[in-house]
Amino acid sequence: MNDNSSSLEQSEAQTPLEEVESTRVDPEAISPEEAVSYFQFIYNQSVIYLREALDHIVLLVFVYTLLCLVLYKLLFHRFGRWLKVVRKSRLPANSNRALLVTAHPDDESMFFGPTILELRRRNCRVFVLCLSDGNFNQQGDVRRQELWDACESLGIKPEDITLLNATHLRDDPALEWKTVTIANQILKHLEALDADLLITFDKAGVSGHPNHCAIYHATASLCLAGLVPNKCRVLTLESVNLCRKYISILDLPITLLLSTNWSVLSWQSRLAVQNAMRLHRSQMVWFRKLYIKFSRYMVINSLREINQSDVEFEILDS
C-alpha cells in the first residue's frame, strides 16, 4: 500500500514537468507561413508605434512654432508692450558710448547686427574696433571698404570705425593672437573713447574661430586684472548650439528663458542686418547666403554680462 501511494505521489509530482515539456514548441515544427505571419505582425506593430510617435512630434513642433509666432508678435504689438509681458530688448540702460570689438570685417553684421541697431535706436554712439583687415585671401583692401559700407548702413559713422592692420594680428586661424596684444588694444580704445559699454565674443566665439576666442580671453584678462574702467560694463555675445543657431525666431522662447540680456529685431528691421551682411560681397558664398536666411543672429542677439568675479569663477570651474 505504501509503495503504491509513493509511486502515485511521484507520478503526480512529475506531471507538471511533463506538461511543461509537452507545451514547448519545437522550432522545426513552425511552418514558414507562421514565421512570415509572426514577423509581419511585428512589422505592423512597429509601423503603428512610429506613426503615433511621428504624429506627436508633428503636433509638438506645430504648437511650439505657434507659440514662437505669438510671442514674437507680442514683442512688437502695443498690447504686449502695455502689459509688459515680454520685452524686445534688455540691454544696460543709459549706455551712451559702446565699443564693439570684432576680429574680421563682416563680424559686425554677421553676429552683432541686432545689438548695433538696438543701441543706435537708443541714440548710443557705437564704435567698432576690428582687429584684422581680413586679408586671409588677399582681399584686405576690398574687405576694408565693405566694412565701412556695412557699418554705415547700420548707422555707424565712418570716423567711429578702427581697422587694424598688424602683422601679429593677421586674419589667420592658424596664427595665435597674443592675449596681451589684444588686451592692450582694447584697453587703449576703451580709455581713448571713454566707452561705458564693451561688447565682444564669448569664450566659444559663436563660430569657434580661434581669432574670436582670442578676443574673449583678452577681455577676460582685463576683467580679471581689474583694468576695465569702473563705469564700463562688459557684454559677451552668447554662442548657441548648431540647432538653435539656424532656427531664426524659433529660438525666441529659449532666449527669453535662458538669457539675461538680449535684443530682438522686428521682421522688417532684420532686413537692415541682412542688407548690411550682403554688402560684404566678397564673402557671399553659398553657405553664407543660407546663413543670412536662417541664422538667429540676423534677428536675435543674446548677451551675458561678465565681470571680475565671473572670470574668477570660470577659472576655478575649469
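The values are calculated or read from the model by the stated rules, or taken from the named source; none is laboratory data. Keep in mind that what you see is a predicted model, and the values were worked out from it rather than measured. Neighbour counts run over all protein chains shown; Cβ positions are idealised from the backbone, glycine included. Calculation scope for accessible area: heavy atoms of the full protein, side chains included, ligands and nucleic acids excluded. Shrake-Rupley method; radii C 1.70, N 1.55, O 1.52, S 1.80 Å.
Inside region 224-256, can you point out the residues that are closer than 20 Å to Leu99 by Cβ, among the small types (Gly, Ala, Ser) and not in a helix (DSSP H, G or I)?
Passing the criteria: only Gly226.
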Take the residues in region 224-270 that are of a type in the set (Phe, Trp, Tyr) and closer than 16 Å to Lys88 by Cα; name whichever of them is surrounded by the fewest Cβ atoms within 10 Å (Cβ to Cβ).
Trp267
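Out of curiosity, is Ser221 assigned to a helix (DSSP H, G or I) and open to solvent by 60 Å² or more (accessible area, probe 1.4 Å)?
No; evaluated as a whole, the condition is false for this residue.
Taking only region 196-210 into account, find how many residues are open to solvent by less than 10 Å² (accessible area, probe 1.4 Å), part of a helix (DSSP H, G or I) and hydroxyl-bearing (Ser, Thr, Tyr).
Looking only at that region, the number is 0.
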Within region 257-283, count every residue that is within 12 Å of Gly113 (Cα to Cα), assigned to a helix (DSSP H, G or I) and not β-branched (Val, Ile, Thr).
7
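A quick yes/no check of all residues on (1) open to solvent by 10 Å² or more (accessible area, probe 1.4 Å); (2) farther than 22 Å from Met284 by Cα; (3) among the basic types (Lys, Arg):
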{"position": "Gly134", "(1), (2), (3)": "no, no, no"}
{"position": "Asn137", "(1), (2), (3)": "yes, no, no"}
{"position": "Ala166", "(1), (2), (3)": "yes, yes, no"}
{"position": "Arg170", "(1), (2), (3)": "yes, no, yes"}
{"position": "Glu176", "(1), (2), (3)": "yes, yes, no"}
Odd one out for Ile48 among (1) modelled with pLDDT of 95 or more; (2) assigned to a helix (DSSP H, G or I):
(1)
Output the number of residues of region 120-173 satisfying the condition of being in a helix (DSSP H, G or I), basic (Lys, Arg) and in contact with an Asp or Glu (Cβ under 8 Å, 6 or more places away or on another chain).
2
Restricting to region 181-195, name every residue that is surrounded by fewer than 19 Cβ atoms within 10 Å (Cβ to Cβ) and not in a helix (DSSP H, G or I).
Asp194
Qualifying residues in region 271-318 (those that are within 23 Å of Pro92 (Cα to Cα) and without any contact (Cβ under 8 Å) to a residue 40 or more places away in the chain) - the one least open to solvent (accessible area, probe 1.4 Å):
Ser309
How many of the residues in region 92-119 are within 19 Å of His217 (Cα to Cα) and either in a strand (DSSP E or B) or β-branched (Val, Ile, Thr) (or both)?
4
Considering only residues that are buried (at least 22 other Cβ atoms within 10 Å of the Cβ) and among the polar types (S, T, N, Q), which ones fall in region 105-132?
Ser109, Thr115, Ser132
Restricting to region 107-123, name every residue that is within 14 Å of Ser89 (Cα to Cα) and not polar (S, T, N, Q).
Phe112, Gly113, Pro114, Ile116, Leu117, Glu118, Leu119, Arg120, Arg121, Arg122
